[in-house]
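The values are calculated or read from the model by the stated rules, or taken from the named source; none is laboratory data. All figures in this text were calculated on a predicted structure; none of them were measured in a lab. Neighbour counts are summed over all protein chains in view; Cβ atoms, including those assigned to glycine, are modelled from backbone coordinates with ideal geometry.
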Amino acid sequence: MLSEPIGGLLKTARKQLNVSREELARRGGVSTRLVAELERGQRPNVSLESALKLLNAVGVSVIARAPDGTAAEIRSASGPTLERAARAARRRQTWTGRQIHLHDEDDGPAAGRLRSDRLSSVAQVSKQAYLIASAGRRPSKRRTRKPSAR
């Protein structure tokens, strides 16, 4: 059945975007009842056209594959915009309001420092990272060819 996996995707995407069933139905040009039945898994059949309209309305793309392996992605033009909106909504839900700095006052590049100081700090960190990485390696035993006497 086409409606089972589509219903779950539709519900998840709709909730991420904070869109009501009525609004989704309006955007997709279908009835609110169809949206509700799809999400609950009570709709055994749904036309591909209606399913694609609803999925495009919430920014879900569909990948169709042929038996020979070729594939085509069906995606609305507003898909990237809706994805950004969903990520922004998720960030707003989880944001605590605290700012966390990953460096001490005297350590690492900071925004108020001169460019030369920042570059010097980055170079120092790069050098330290190189030394740590090379310490983990074993010294290789290279064989050198002795020049042959002719």
Original post:
Can you tell me which residues in the range 9-21 are outside any loop (DSSP other than H, G, I, E, B) and without any contact (Cβ under 8 Å) to a residue 12 or more places away in the chain?
Top reply: Thr12, Lys15
Original post:
Does at least one position in the range 39-46 carry a residue that is assigned to a helix (DSSP H, G or I) and either of a type outside the set (Ser, Thr, Tyr) or crowded, with 17+ Cβ neighbours inside 10 Å (or both)?
Top reply: yes
**OP:** Identify the single condition in (1) in a loop (DSSP other than H, G, I, E, B); (2) at pLDDT below 75 that Gly69 does not satisfy, given that it satisfies every other one.
**Re:** (2)
**OP:** Go through (1) at pLDDT 70 or above; (2) out of contact with any helix residue (DSSP H, G or I) (no Cβ under 7 Å at 6 or more places or on another chain) and name the single condition Ala89 misses.
**Re:** (2)
Original post:
Which members of the range 22-42 meet the condition of being touching a residue at least 12 places away in the same chain (Cβ under 8 Å) and among the β-branched types (Val, Ile, Thr)?
Top reply: Val30, Val35
Original post:
Can you name every residue in the range 3-27 that is among the polar types (S, T, N, Q) and modelled with pLDDT of 90 or more?
Top reply: Ser20
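If you scan the range 28-74, which residues turn out to be closer than 17 Å to Gly7 by Cα and of a type in the set (D, E, K, R)?
As a first pass, look at the range 28-74 and keep what is closer than 17 Å to Gly7 by Cα: 28-63.
Hits for the range 28-74 are Arg33, Glu37, Glu39, Arg40, Arg43, Glu49, Lys53.
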Original post:
Which one is modelled with the lowest pLDDT, of the residues in the range 92-138 that are under 30 Å from Thr12 (Cβ atoms) and of a type in the set (Ser, Thr, Tyr)?
Top reply: Thr96
